[in-house]
Amino acid sequence: MLNKIIQSLEKPLLYQKTAGEFWNDEHISKQMLKAHLDPEFEGASRKLSFIDKSAAWIKDTIPPTSYPLLLDMGCGPGLYAEKFTQYGYKVTGIDFSHRAIEYARNSALKQGLHIKYLFQDYLEMSLHETFDFITMIYCDYGALSTDDRKKLLRIIYQHLKPGGKLLLDVFSKETFDSFREGQTWESCPSGGFWREHSYIALSGHYKYQDLITLEQTTIISDAEVATYYIWNTCFTQNSLIEEVNKSGFNVSGIFENVAGEKSHHNSPTIAILLEK
Ligand SMILES: C[S@@+](CC[C@H](N)C(=O)[O-])C[C@H]1O[C@@H](n2cnc3c(N)ncnc32)[C@H](O)[C@@H]1O
């Protein structure tokens, strides 16, 4: 047991993937859904007031009259997809969390909204249609490895019509600079975010080269030792533009966030609007 704990606390190679489930773990996915649906919490989705502002800016900037077919990648429980539909887009949402997609489907049904939800890994996406506009919101892009980001941009490019737009956001160098390295622990005798029953969580917060951070969490309980890796690649405007240009996209706009606020040197995020 001790050896296993010691091993699991070692810093992993860059972009090492978590061995077990995260998004589809029975307990964690329940906590994530709760976080998505909390209107005041910025854990899984942004605060509801921001999403309202953001969806309104998106519809004014990339209007449904010109870009009717919208694909929302990593749509979660459909907070954006529902607003987009109400604004007049014809929306498809894709996500690989069972719990999020199930919630999204039920919520759309209850409200009489016609949204196509697909349970699928977007890194394996191969749909028989193309879209006018693709969104990928809340910095999911930077959670991927360099190879997976390249693959994803290729897949997105294939799913866009000529002249189609892509909007995504990432964390900036400012966020990397304010990230503090260190180690923390948490005792959860009655369970918590990671597990239903008692556990201890040992976490390491590390910086890697090229503006990459890692949140490494080892869960220790009577039953197991399990480690989770949450990677985040941050960008400068230049490094982001250079990366997306390589995949054939042209930059149509750059903003502080997906609500279209003007970008400044210490913005924590960067949103980029691209054209095929
Ligand atoms: C941070 S949440 C953002 C949700 C939503 N875009 C929002 O802003 O409310 C990321 C979502 O992406 C989904 N996701 C992560 N990787 C994915 C993948 N490879 N394929 C499909 N969905 C993925 C997760 O299940 C989760 O619902």
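Multiplying the residue separation of T18 and A223 by 0.36 nm and removing their Cα-Cα distance gives an extension gain of 72.0 nm.
Assuming R0 = 22 Å, what is the FRET efficiency of Q7 and E215, from their Cβ-Cβ distance, to the nearest 0.05?
Working: r = 18 Å, r/R0 = 0.83.
Efficiency at R0 = 22 Å is approximately 0.75.
In a fully extended conformation the segment linking K34 and E129 would gain 31.0 nm over its present Cα-Cα distance, using 0.36 nm per residue.
Each residue of segment 61-73 was assigned a 3J(HN,Hα) from its phi angle through the Karplus expression (A = 6.51, B = -1.76, C = 1.60, θ = phi - 60°), giving 8, 10, x, x, 5, 9, 10, x, 8, 10, 10, 9, 8 Hz with x at Gly and Pro. Of all DSSP beta bridges confined to the chain, the antiparallel ones make up roughly 65%.
Per residue, what volume in Å³ does the Cα convex hull of segment 204-276 take up?
Per-residue hull volume (Cα only) is 144 Å³.
Binning the alpha carbon pair distances of segment 151-191 at 10 angstrom intervals from zero yields the distribution 18, 23, 21, 23, 13, 2, expressed in whole percent.
Among the listed pairs K17/K110; K47/K90; K53/K151; K150/K207; K4/K150, which are separated by more than 27 Å between their Cα atoms?
K17/K110; K53/K151; K4/K150
All C-alpha pair distances within segment 152-246, sorted into 10 Å bins from zero, spread as 14, 31, 24, 21, 10, 1 percent across the bins. A DSSP coil position with no more than 13 other Cβ atoms inside 10 Å describes the following trypsin sites (Lys or Arg not before Pro) in segment 28-77: K47. Among Q216, Q120, Q16, the residue with the largest mean-square fluctuation in a Gaussian network model of the chain, with springs joining Cα atoms closer than 10 Å, is Q16. Using every pair of distinct Cα positions in the chain, the Kirkwood expression returns a hydrodynamic radius of 19.7 angstrom.
If we count every other residue with Cβ under 13 angstrom of G88's Cβ, Lys/Arg +1 and Asp/Glu -1, where does the sum land? Spell out each step's value before the answer.
Details: positive: K59, K83, K90; negative: D60, E82, D132.
For residues surrounding G88, the net value is 0.
Per-peptide packing, taken as the mean over residues of other Cβ atoms within 10 Å, places 131-140, 1-10 in the sequence 131-140, 1-10 from highest down. Of all aspartates and glutamates in the structure, those lying under 13 Å Cα to Cα from K165, and not within fewer than 8 positions of it along the same chain, are D72, D132, E275. Taking other C-beta atoms within 10 Å as the exposure proxy, C188, C75 rank C188, C75 from fewest upward.
Taken over segment 65-145, the percentage of Cα pairs per 10 Å bin, counting from 0 up to the bin with the maximum distance, is 19, 54, 26, 2. Put simply, the amide H of G93, placed in the peptide plane, has neighbours under 5 Å in D72, K116, Y117, L118, leaving out anything fewer than 5 places away on its chain.
Footprinting exposure proxy ranking of W57, W231, W185, fewest other C-beta atoms within 10 angstrom first, gives W185, W57, W231. Counting every other Cβ atom within 10 Å of each residue's Cβ, H36, H27, H265 order from fewest to most as H265, H27, H36. Computed over all pairs of different Cα atoms, the Kirkwood value for the hydrodynamic radius of segment 1-145 is 16.6 Å.
Among the listed pairs K116/K161; K11/K34; K30/K116, give every one whose C-alpha distance is greater than 25 Å.
Working: K116/K161 19 Å; K11/K34 30 Å; K30/K116 22 Å.
From K116/K161; K11/K34; K30/K116, over 25 Å: K11/K34.
All other residues with a Cβ under 12 Å from the Cβ of R180 taken together, and with Lys, Arg as +1 and Asp, Glu as -1, what is their net charge? After counting each charged neighbour, the total is -2. In order along segment 259-273, the Karplus-derived 3J(HN,Hα) couplings, from 6.51 cos²θ - 1.76 cosθ + 1.60 at θ = phi - 60°, round to 9, x, 5, 5, 6, 9, 5, 10, 5, x, 10, 10, 10, 10, 10 Hz, and Gly and Pro are given as x. Within the shell defined by Cβ-Cβ distances under 14 Å, the residues around D222 carry a net charge of 0, with Lys and Arg each +1 and Asp and Glu each -1. The length gained by stretching the chain between E261 and Q158 to full extension, at 0.36 nm per residue less their Cα-Cα distance, is 34.2 nm.
Each reported figure results from applying straightforward, stated rules to the coordinates on display, with no laboratory input. Worth saying up front: this structure is predicted, and the values here are computed from it rather than measured. Every residue, glycine as well, gets a Cβ built from its backbone with ideal geometry; the counts of neighbours run over all protein chains shown.
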